[in-house]
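The values are calculated or read from the model by the stated rules, or taken from the named source; none is laboratory data. Being a predicted model, the structure only gives us computed values, none of them experimental. Note that each Cβ is placed from the backbone with ideal geometry, even for glycine, and that neighbours are counted across all protein chains shown.
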Amino acid sequence: MRQDVEMALSKSYISAFGYGSSIKKAEEMLSKDENVLFVTPTEMTVTYVNTRRKNTTHGVVFLTNKRFLFCSKMIDFQTDSIPINEIKSIDSSGNGLVGGRVEIHTATKTYNILVSYKVNNAKQVQEIQQIFEQALSDYNPQNTVVSSQPNAIEQIEKLAALKDKGIISEDEFNAKKSELLSRL
């Protein structure tokens with residue numbers, strides 16, 4: 001087992017007993033340049049945004065510096081891998097009675113992760129949400145950093161075309177334009 005996986009599991013609030021094959025499968029999917037930030041066995045409900053269809057299963061959640069990964073084994077392995085930059089928001093809720101949950105929202109799905117039913121549930125849920133939020137904040141994909149004036153200007157021109165086509169709003173255009181100009 002990779003050292004970062006072992007360390008992340010040691011910080012998990014739930015026993016990994018019975019999840020060995022899912023952990024191994026998820027670990028095999030990791031690249032060498034991925035750093036594992038969080039791992040936990042869990043029950044997860046996936047809700048499809050457009051249909052509101054729900055699917056609940058048990059498996060293992062991995063959060064790396066590059067993606068959110070869920071792996072479960074029913075008859076065969078099922079995996080879902082979401083790049084960090086596709087996560088739109090993170091919410092959390094819960095208490096010692098109903099269990100804590102962390103929700104990961106993407107454009108097409110919501111991943112609802114059961115944390116635990118323990119007394120310190122609220123603290124655990126907040127810590128997990130902070131790990132996810134820090135991963136989002138730290139995410140910096142290679143080759144997408146605006147590093148020169150022509151790049152920023154080209155991006156602003158592309159954004160203007162999107163605005164003219166009605167794909168993005170005037171406010172979205174102005175916000176991104178200001179961000180790009182501040183990097184010059």
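Numerical summary
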{"quantity": "Cross-chain or 6+ apart pairs with Cβ under 7 Å, the stretch 130-153 first and among the acidic types (D, E), then modelled with pLDDT of 70 or more", "calculated": "E133/I90; D138/N65"}
{"quantity": "Restricting the stretch 1-19 to residues that are part of a loop (DSSP other than H, G, I, E, B) and modelled with pLDDT of 80 or more, the residue that is surrounded by the most Cβ atoms within 10 Å (Cβ to Cβ)", "calculated": "R2"}
